Structure formats: structure tokens, C-alpha cells
Amino acid sequence: MERSQVASSVAGFTASLGSIILFPLEMIKVRLIVSDTFNSTLKEKYRNPIHALKSLYSSEGALSLYRGWHISLCSSFAWTVYFYFYESAKKRYSLEFKQKHPEIYRFSVAAEAAVISRIITNPLWVIKTRVMLQNRTSHWYGDTVEAIKKIYKLDGVRGYFSGLMPGLILCSNGAFQLYFYELLKEVMDGYDNNGKIAIAGGASKFLSTIALYPMQSVMVKLQQEQYGKFASTNSKEIHGKVQDEKLFTGFRNCIIKTWNSEGHKGFYRGLSVQLIRILPTNALFFVIYEKTYRTIMEL
């Protein structure tokens with residue numbers, strides 16, 4: 001049965017609000033990712049998640065763990081966009097194609113919706129990352145409007161699309177998860193069906209997260225402030241073309257620099273926090289989504 005695009009969009013938005021509950025884990029993950037050899041002079045270097053939590057709490061206060069949560073409210077728009085285009089894409093495929101090629105159909109619909117929503121909402125992810133990395137001494141980043149102005153002054157419109165390439169690659173997360181899911185079901189053939197599905201579903205999410213986490217790291221590294229010279233500069237003080245050297249000039253440069261400096265470990269900072277965060281976040285999301293959708297359709 002085809003779902004209503006509007007109802008699905010509203011349900012997606014409502015469900016995504018639940019991610020705010022676990023926002024501190026997102027904050028710690030982002031701080032750990034940029035806590036590398038390139039940024040040690042700009043931001044404090046954290047040894048592990050516990051050290052990051054203690055440091056943030058002692059130096060910036062408990063509220064610092066929720067810095068940028070208001071942008072997460074706006075970022076919830078991403079799920080609204082995703083489910084709108086997801087339901088729209090489903091209607092373009094014929095019933096015959098859906099029945100003959102169910103896996104291709106599901107993947108194509110999900111991929112199309114993911115790519116479109118990523119491109120449309122990428123500016124929100126960039127702004128959120130910048131705000132999350134501010135601290136009490138960064139006066140120029142006191143509010144979101146200032147962040148938006150500074151991004152434009154430093155890099156123009158393209159600055160709002162920083163990290164888009166790894167973001168688009170992350171759209172394949174669903175395909176990776178499905179691959180691991182089917183593989184694990186085959187490996188566990190003979191086990192209790194309900195238990196097998198539960199284990200395969202949870203484990204596939206973990207494996208797909210681990211497989212694509214390097215892209216998560218690269219995306220955050222590219223979305224952060226790239227000019228050390230202007231780290232504490234107000235947007236009003238920036239005039240003309242910026243000549244300062246960037247931390248990373250692009251997607252490929254970020255991968256090469258990170259590998260040469262820290263090896264594979266440089267791509268997995270904050271992974272443990274992400275793994276702890278994804279299961280409750282995803283479980284909560286889909287529970288709220290389904291309940292909200294049913295409520296809307298019953299009105």
C-alpha cells in the first residue's frame with residue numbers, strides 16, 4: 001500500500017526530534033573526530049570519549065553538550081525531505097517492476113531519496129558542525145547567524161556544501177546494511193527465525209556503520225573551520241578574498257593527509273560513541289515514526 005507523502009514527511013520530522021535526547025553523544029563524537037594533529041592548535045585534543053565529556057563539562061559547562069541542538073531541530077527537516085521524496089519515488093515504479101525486482105526497487109527508491117535530501121540539506125549539516133565546535137572564547141560564533149555569515153565570507157556559496165562528497169557516499173549506508181543483513185542471515189541459517197532476524201538486523205547496522213565511518217570522519221573534517229588564521233575573527237573583519245591556507249583542500253586531500261599523519265586510526269575517532277548512539281537512536285526513530293504516521297492517517 002502506498003503511503004501518503006505528507007503524512008510520511010510529518011512523521012519523519014516528528015520522529016527525528018527524538019535524536020535531541022542523545023545529542024551529547026553526537027557532540028562528543030564530532031569533537032573527537034576533529035581532535036587530530038591538524039587541529040591541536042585550534043581545539044583541545046581529547047584522548048577518549050570520557051576525557052572529552054569531562055573536559056567539555058569542566059571547561060564549558062553542562063549546556064555545552066547541547067550546543068547546536070537547535071540546528072538539529074532544523075536538521076530534522078532532512079527526514080521530512082527524505083520521506084517526501086521516498087514516497088514520491090515509489091509511485092514512479094510500475095507494479096510489475098516492483099514484483100520482478102523487489103531488491104533493486106527498494107534500493108533505487110532509498111538511494112534516490114537519500115541523495116536528493118543530502119544535497120538539499122547539506123548547508124544545515126555544515127552550519128551545525130561549525131556551531132558544535134565553538135567554545136566560550138569564540139565570540140564570532142556566538143549565534144547561528146554569525147556562523148552563516150562567516151561561512152559565506154570565507155568560501156562563498158560553495159562553503160555550505162563542504163563535505164558533500166563523503167555525505168553522498170554515506171547515502172549508501174542502507175545498501176551496506178542490507179548486504180550485511182542478508183549475509184548474516186545465511187550464516188545463521190538453522191537458528192530460530194525471530195532471533196536470527198533480530199541479531200542480523202542489529203549486527204548489520206553495526207557493520208555498515210563501521211564500514212562507512214571513515215566517510216563520516218572525512219565529512220566532519222571538511223565541514224569544520226578550515227582557516228586557522230580566522231579561527232577567532234568576526235565575519236565583519238573579513239574583507240576580500242581569503243589567502244590563508246586551508247587545513248584540507250578537498251575530499252582526496254583530507255584522506256591523504258589523515259592517512260599519512262595518523263594511519264587508519266585517524267578515520268575512526270569517535271567510533272565507539274557512534275556505535276553506542278546508533279541503536280537507541282534508530283530504534284526510537286522508527287517507533288515514533290510509525291506511531292506518528294498511524295495517528296495522522298486516523299485523523
- From Leu184, Leu178, which residue is in a helix (DSSP H, G or I) and at pLDDT 70 or above? Leu184
- Message: For the condition over 26 Å from Ile255 (Cα atoms) and of a type in the set (Asp, Glu), what is the one hit in Glu87, Glu26?
- Response: Glu87
- Item | Failed item, numbered, when Leu284 is tested on (1) among the aliphatic types (A, V, I, L, M); (2) over 30 Å from Val145 (Cβ atoms); (3) modelled with pLDDT of 85 or more | (3)
- Got at least one residue in the stretch 140-156 being modelled with pLDDT of 85 or more, among the hydroxyl-bearing types (Ser, Thr, Tyr) and not in a helix (DSSP H, G or I)? no
- Kindly state which helices (runs of 4 or more DSSP H) lie completely within the stretch 1-90 and contain at least 3 residues that are over 19 Å from the mean Cα position of the chain (by Cα), closer than 25 Å to Pro214 by Cβ and at pLDDT 65 or above. 49-60
- Looking at (1) modelled with pLDDT under 85; (2) within 19 Å of the chain's Cα centre (by Cα); (3) not basic (Lys, Arg), find the lone condition where Ile120 falls short. (1)
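The values are calculated or read from the model by the stated rules, or taken from the named source; none is laboratory data. The structure presented is a predicted model; accordingly, all values stated were derived computationally and were not measured. Using ideal geometry, Cβ is built from the backbone for each residue, glycine included, and neighbour counts are taken over all protein chains shown.
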